[in-house]
């Protein structure tokens with residue numbers, strides 16, 4: 001069986017690639033990074049190391065690479081013949097691969113390949129595959145073949161893969177924990193059952209649990225840690241203040257998840273403890289600047305802070321620690337990050353209440369007032 005995977009970065013190789021290879025897939029990685037693509041074609045394998053005491057090494061074999069910038073025709077042909085297509089390229093890049101995927105589907109139709117194909121976006125976003133589907137459909141003049149044979153099942157993925165630099169461009173270090181959940185109801189090819197993947201009929205609770213726990217939590221550690229002058233996540237996690245802020249935030253998002261989806265309170269508490277333990281992993285030195293990058297996106301209306309704040313209010317539940325963290329984020333500044341510079345400029349030139357409304361999409365004056373209070377409170381600490 002053959003899989004086409006868009007994104008030969010650390011997550012693509014260190015997570016999705018590992019699971020696909022363990023299930024017997026030959027993998028074609030599609031990327032514009034010629035160093036990685038050339039290395040994949042030269043060696044046809046790469047090594048993953050687990051970031052724990054064991055330092056276990058896993059070799060992923062039967063891999064090749066295609067540079068979609070220089071060889072788009074080959075990518076189209078690969079999609080036409082593929083048994084599975086996956087992505088791990090970042091939500092913002094998905095629209096840029098849509099046309100290529102659409103051409104691959106059209107080629108598949110021309111060749112009469114009616115084997116059902118699922119295209120799965122493995123991104124840190126709610127409804128990633130549905131979003132990609134909309135983008136792909138923009139390039140399809142006729143959709144009956146796609147409607148019938150191509151599925152875009154949404155997925156939730158969770159594995160910490162830190163920013164890293166090695167002499168070997170293919171070597172990647174990952175945490176032992178991994179979770180890949182796929183919406184079974186949206187799949188077209190039910191014959192493919194990946195070991196190491198959880199298939200569920202309703203994905204939304206799992207996506208929200210991951211987003212509002214792991215992503216909200218990770219970002220909370222990063223921004224609180226940055227405020228206190230730390231450089232890495234594991235360093236910040238040694239500070240009782242950071243851990244207290246993290247636990248309080250996860251208690252607030254946890255109360256929402258339990259109220260909204262009926263998660264078992266005891267099981268969810270164990271899930272939170274597992275997350276805290278993962279963030280404390282001393283074998284992973286994850287840069288705070290990596291986890292804290294793109295603050296404007298992370299403060300967005302549907303994102304990991306604003307959305308739980310809005311929904312907690314709908315359930316008449318309080319969230320002082322979430323709004324406090326948002327106050328910290330508005331004061332975060334990394335000159336290397338474009339969105340951070342942008343937010344910094346906006347703060348200088350715009351009315352604060354207006355800025356909060358513009359960035360978060362929140363209209364409730366009381367919530368805006370709470371966030372504003374925290375922005376001012378942490379501005380003093382930053383100064």
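Nothing in this text is a laboratory measurement; each read-out follows from the coordinates by a stated rule. All values derive from a computational prediction rather than experimental measurement. Note that we place each Cβ from the backbone using ideal geometry, even for glycine, and neighbour counts take in every protein chain shown.
Modelled spin-label separation between residue 110 and residue 147, with each label point placed 7 Å from Cα along the Cα-to-Cβ direction: 2.3 nm.
Under the definition of Cα pairs under 8 Å and six or more residues apart, what whole-number percent is the relative contact order of the chain?
Details: 659 pairs, mean separation 47.2, N = 383.
Relative contact order of the chain: 12 percent.
When a footprinting reagent is the concern and you count Cβ atoms within 10 Å, what order do 25, 152 take, fewest first?
On the way: 25 23, 152 26.
Going from sparsest to densest Cβ surroundings: 25, 152.
Using only Cα atoms, tell me the angle between helix 365-382 and the longest principal axis of the chain; keep it within 0 to 90° and round to the nearest 10. Helix 365-382 sits at roughly 80 degrees to that axis.
So for segment 294-353, considering every pair of alpha-carbon atoms, how many percent are separated by more than 15 Å? For segment 294-353, the share of Cα pairs beyond 15 Å comes to 54 percent. Placing a label point 7 Å from the Cα of residue 353 along the Cα-to-Cβ line, the residues of segment 359-383 whose backbone N sits under 16 Å from it are 359-376.
By the count of neighbouring beta-carbon atoms within 10 Å, fewest first, 54, 213 end up ordered 54, 213. Extension gain for residue 96-residue 363 works out to 92.9 nm (0.36 nm per residue, less the C-alpha to C-alpha distance).
Springs join every pair of Cα atoms under 10 Å in this Gaussian network model of the chain, and among 321, 165, 218 the largest mean-square fluctuation is at 165. Ranked by how many other Cβ atoms sit within 10 Å of their own Cβ, fewest first, the residues 332, 139 fall in the order 139, 332. Summarising the label geometry, the points placed 7 Å from Cα in the beta-carbon direction at residue 57 and residue 81 lie 3.2 nm from one another. Of the listed values [x] 34.4; [y] 23.0; [z] 19.5, grab the one calculated as mean projected area of the Cα convex hull in nm² from the structure here. Of the listed options [x] 34.4; [y] 23.0; [z] 19.5, [z] comes from this structure. Report, to the nearest 10°, how far helix 240-261 tilts away from the longest principal axis of the Cα atoms in the chain, using its own Cα long axis and a range of 0 to 90°. The helix 240-261 is inclined about 70 degrees to the chain.
For the chain, the 222 nm mean residue ellipticity estimated from helices alone, with every DSSP H stretch of n ≥ 4 adding -39500 (n - 2.57) and the total spread over all residues, rounds to -14500 deg cm²/dmol.
Against the chain, whose longest principal axis is taken from its Cα atoms, helix 338-349 shows a tilt of about 30°.
A simple spin-label model places pseudo-atoms 7 Å from Cα toward Cβ; at residue 47 and residue 283 they are separated by 1.5 nm.
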